[in-house]
Each structure stands twice: as C-alpha cells, then as structure tokens.
Amino acid sequence: MRELVKSSLRFLALLAILPLLLSFWCWSLVLGRDRALEGSSQTLSLFPGLIGIYLRRAFLMRVLDHCHHTVNVEFGTLFSQTGARLDENVYVGPRCHLGLVHVCRDALLGPAVHVPSGARTHGTADPTRPIREQKNERVRVTIGAGAWIGSAAIVMADVGEGTVVGAGAVVTKPLPARVVAVGVPAKVVRRRTADQADSE
C-alpha cells in the first residue's frame with residue numbers, strides 16, 4: 001500500500017512539473033541545457049516540505065544524467081550542471097549548490113554543502129584579464145557510496161566511500177575511503193574501522 005501511495009505521488013509530481021519541463025526544453029534550445037537548468041532549479045528550490053521533494057525529484061529524474069527515484073533533495077538546493085548524477089537513497093540537505101557531481105548511493109550531504117565542478121571552475125593565471133574571461137575547467141567530483149558531508153563543507157575533489165567530511169571543511173585533494181577528514185584544507189584525522197564502531 002505504501003509503495004502504491006508513493007507511486008501515485010510520483011505520478012502527480014510529474015504532471016505538476018510538466019510546464020516547467022516544457023520551459024526547460026525550450027530554454028535549452030536558446031541557452032543550452034546547463035543554463036536552462038540553473039533557472040529551473042532556482043524555481044523548484046522554493047517549494048517546501050514533502051511536496052517540494054517530490055517536485056524536484058520528478059524534474060531532476062528527467063533532466064540530469066541520472067537521478068534515482070529514492071533521492072531526497074531539500075529546500076533551496078540549486079543545480080548548475082545537467083551532467084550531475086544522484087544514485088539510490090542519496091540525501092541532499094537544504095541550500096546546497098551542486099555542479100558536475102556524482103553522489104553515489106546512500107551518501108548524505110548536510111545543509112549548505114557546495115560541490116562546484118572541481119577546483120578550477122574559474123581561471124586566475126592571467127592578471128591582465130577579468131576572471132570571467134579566463135580559461136576554466138570543469139571536472140566531475142565523485143562523492144563515494146555511504147559518505148557523509150557535514151554542513152557548509154566545500155568539496156572540490158573526490159571523496160572516498162564511507163568517508164566523513166566535517167562541517168565547514170574544504171576538500172581540495174581527493175580523500176580515501178573510510179576516513180574522517182576535517183579542516184581547511186581538509187586533512188584526514190583518523191580512519192573509520194569496524195573496531196571503532198564496536199567500541200562506540
């Protein structure tokens with residue numbers, strides 16, 4: 001019964017976002033898919049509660065590279081790259097900003113987490129030219145399965161499976177699997193092991 005209710009809600013959410021999907025496809029022809037996504041995700045970010053989660057999911061499942069039907073994306077979250085991927089049971093907290101990212105299954109992103117498309121989304125090499133005119137490079141950032149990214153962290157490099165990133169940390173270099181990393185820049189402070197789980 002519960003699954004039937006969820007399926008019905010997903011269908012109603014799809015019907016509700018059809019005008020926004022149509023608008024997205026029209027703007028995509030003029031601006032490109034990524035620019036069209038920015039505007040659409042800003043609109044969808046404003047719907048609160050469970051209704052907002054269903055509306056955002058219905059839309060993102062049809063415009064991102066991949067978005068599983070179990071994903072929860074909370075209020076105020078913005079997307080800038082249609083190449084983003086969100087796997088099963090991913091949770092994206094309120095007010096996150098996500099670029100070219102692959103969030104693997106069961107990963108959790110706390111409130112206000114920023115995942116730009118790598119560390120070189122703005123070039124700075126030439127001091128004689130404005131930043132907006134300089135070469136940029138977007139790369140996909142992967143957040144491993146079961147990872148937990150704390151509130152207000154900024155993630156510019158890959159995070160390994162089962163890794164915990166502390167609140168406010170800035171990840172500038174790839175982090176291995178099953179560690180805890182904190183600070184600016186983020187540094188590994190300990191490994192996560194089965195022994196520790198047993199003693200806690």
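The values are calculated or read from the model by the stated rules, or taken from the named source; none is laboratory data. Computed from a prediction, not measured in an experiment: that's the story for all the values here. All Cβ positions, even for glycine, are placed from backbone atoms using ideal geometry, and neighbour counts span all protein chains on display. The accessibility values were calculated without ligands, DNA or RNA, using every heavy atom of the protein model including side chains. Shrake-Rupley method; radii C 1.70, N 1.55, O 1.52, S 1.80 Å.
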Open item on the list: I need a count of the residues in segment 123-146 that are in contact (Cβ under 8 Å) with a residue 40 or more places away in the chain and either in a helix (DSSP H, G or I) or open to solvent by 100 Å² or more (accessible area, probe 1.4 Å) (or both).
Closed with: 1
Task: Of all residues making up segment 159-177, the number that are surrounded by fewer than 21 Cβ atoms within 10 Å (Cβ to Cβ) and either within 13 Å of the chain's Cα centre (by Cα) or under 17 Å from V103 (Cβ atoms) (or both) - done: 5
- [ ] Out of R57, R62, report the one residue that is open to solvent by 40 Å² or more (accessible area, probe 1.4 Å), within 26 Å of R105 (Cβ to Cβ) and either touching an Asp or Glu at 6+ places or on another chain (Cβ under 7 Å) or assigned to a helix (DSSP H, G or I) (or both).
- [x] R62
TODO: Report, by residue number, each residue of segment 147-158 that is open to solvent by 30 Å² or more (accessible area, probe 1.4 Å) and farther than 14 Å from D106 by Cα.
DONE: S151, A152, I154, M156, D158
- [ ] Return the residue satisfying two criteria in turn: it lies in segment 85-110 and is outside any loop (DSSP other than H, G, I, E, B) and not aliphatic (A, V, I, L, M), and of such residues it is surrounded by the most Cβ atoms within 10 Å (Cβ to Cβ).
- [x] H102
Task: Test for R56: is it under 27 Å from R138 (Cα atoms), among the basic types (K, R) and modelled with pLDDT of 95 or more - done: yes
Open item on the list: If I filter segment 111-122 down to residues being over 10 Å from the mean Cα position of the chain (by Cα) and open to solvent by less than 10 Å² (accessible area, probe 1.4 Å), which single residue comes out as farthest from S45 (Cα to Cα)?
Closed with: G118
